[in-house]
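Working notes for the structure below.
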Amino acid sequence: MRKIVAANWKMNLRRESAATLAGALAGDLREMWLFPCFVHLNSVRLQLSDTKLVMGAQDVSVHKDGAHTGDVSAEMLKDCACELVLIGHSERRQGYGEGNDVILRKLVRACAAGLKPLLCVGETKAERDSGSAQTVVDTQLLVLKRLAPEARAMVAAVAYEPVWAIGTGNNASVAQVEEMHAYIARKLHSLNMNSTPILYGGSVTPDNARELLANKSVDGVLVGSASINYDAICAIDDYAKKQEMTPRAFNTLNEPPPPPEALALLFERDTDDFKVEVKLKQPLPPSAPAMQPIEDIPTSAPPAPISAGSLSRYEEEMSKRRPPTQPLPRTSQGRLQPVGPNSQGRIQPVAPQAAPKAPPPPAKPPVAPAKPTAPVAPKPSPDAPTAEVPKAPAQPITDKQAKPDTKTGPQKKANIYDETDRPSWV
Ligand code: PGA
């Protein structure tokens, strides 16, 4: 399989130039992964039919759908002909504080919608200088361990993109790339992801692409700024298409990867803190009276008179229904009287009741000898209707990922990271 060229156009280009660039690459019969911004997806899509160009989005919502202004869901992206999605890019990790929890949710959403994620990882300059680059990347890769095996199989690639190399003109040296890619390859091996390509990204240009792409540890490149230049991205692609990916083979004598079942258990245990939102969609049972909840009735003092013309429609409606001078309707026990809808479904005011006269204090009955009696539950009074809306029963959480592992109990932690194993190209 030839090496991959992924073009991250970021927040660049305008609709027409994005479509023109995609059309030119399509006309050259290029095989690339293109990541235009959301609003250009449709224009780019129109250039891609019958080509080997594959389109992806630069981000995806953690939510499935609903009231999330500004978000774009995985299903919407799939609907726009996206096949891929970038997740965990350092510009989102750093600019929007995205951590492993958010990234994991995005991965799950993407895979559930049939989008293949391209997971980006990479350390900052300070982290590299302090010697913790591998630890940082290791932590970022934990999200893959938390994915179900079927979702892991959908990951299109992992891109190593050191933050200090992105957009700076200082690409990582081939030795640095090779060392980190070997480390990532070992982690992927331990997750049965030996065939997941490992890309390098960070100031890739036609000047350094040849050397980077010639290295066996590099399965492809993720190109940012150079990717919006037609000549530059074509030159990079010309190097890439001459290079075949090297299959990663490991010395499995040291420690074979755990079987998929063990991974699944690890996945369940590790996702205790991962909550997928569940919305109760179950309608109320038909017998439930459509009543105004009693808590909605304002109990505070009636508002000061409002000058004509300043009433909102709601206030106007409410003041018509319940003149503020009248006391709120109450039951003989002093509880607020519920109000129900009339035949047109409108809330009807309940006529105020005259305050009951206080009965004279009862004469004290003669004291009878106390008998031990069982406590009697109070009988519901016809005067005290309950207006509580029955709650819909809680639905079970259906996302497999969200279920804590309650049945299996504590699992023996498998050593899933084999530090001594090396891919054959190291
Ligand atoms: P760059 O960006 O090539 O401009 O450094 C790479 C990336 O962010 O994917």
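Here are some notes:
- Each peptide in 54-64, 135-145 gets a packing score, the mean of other Cβ atoms within 10 Å over its residues, and the list from highest to lowest is 54-64, 135-145.
- Counted by Cβ distance under 10 Å from residue 52, the other residues give a net charge of -1, where Lys and Arg count +1 and Asp and Glu count -1.
- Two-site label geometry, residue 126 and residue 17: point separation in nm, points 7 Å out along Cα→Cβ: 3.4 nm
- Cross-link table 187/242; 64/187; 3/125; 64/216; 64/242, entries beyond 32 Å C-alpha to C-alpha: 64/216; 64/242
- FRET efficiency for residue 245 and residue 207, using Cβ-Cβ distance with R0 set to 22 Å, rounded to 0.05: 0.45
- Cβ-defined net charge surrounding residue 188, 10 Å radius [Lys, Arg +1; Asp, Glu -1]: +4
- P(r) histogram, all alpha-carbon pairs of the stretch 135-252 included - 10 Å bins from 0, percent: 13, 45, 32, 10, 0
- Computed label-point distance, nm, for sites residue 229 and residue 49 using a 7 Å Cα→Cβ extension: 3.4 nm
- Derived from the Cα gyration tensor, the three semi-axes of the equivalent ellipsoid of the stretch 61-140 are 27, 13, 10 Å, largest first.
Coordinate-derived values only; no laboratory data. Bear in mind that the values here come from a model prediction, so they are computed numbers and not experimental data. Because the Cβ atoms are built from the backbone with ideal geometry, glycine has one as well, and the counts that use them run over all protein chains shown.
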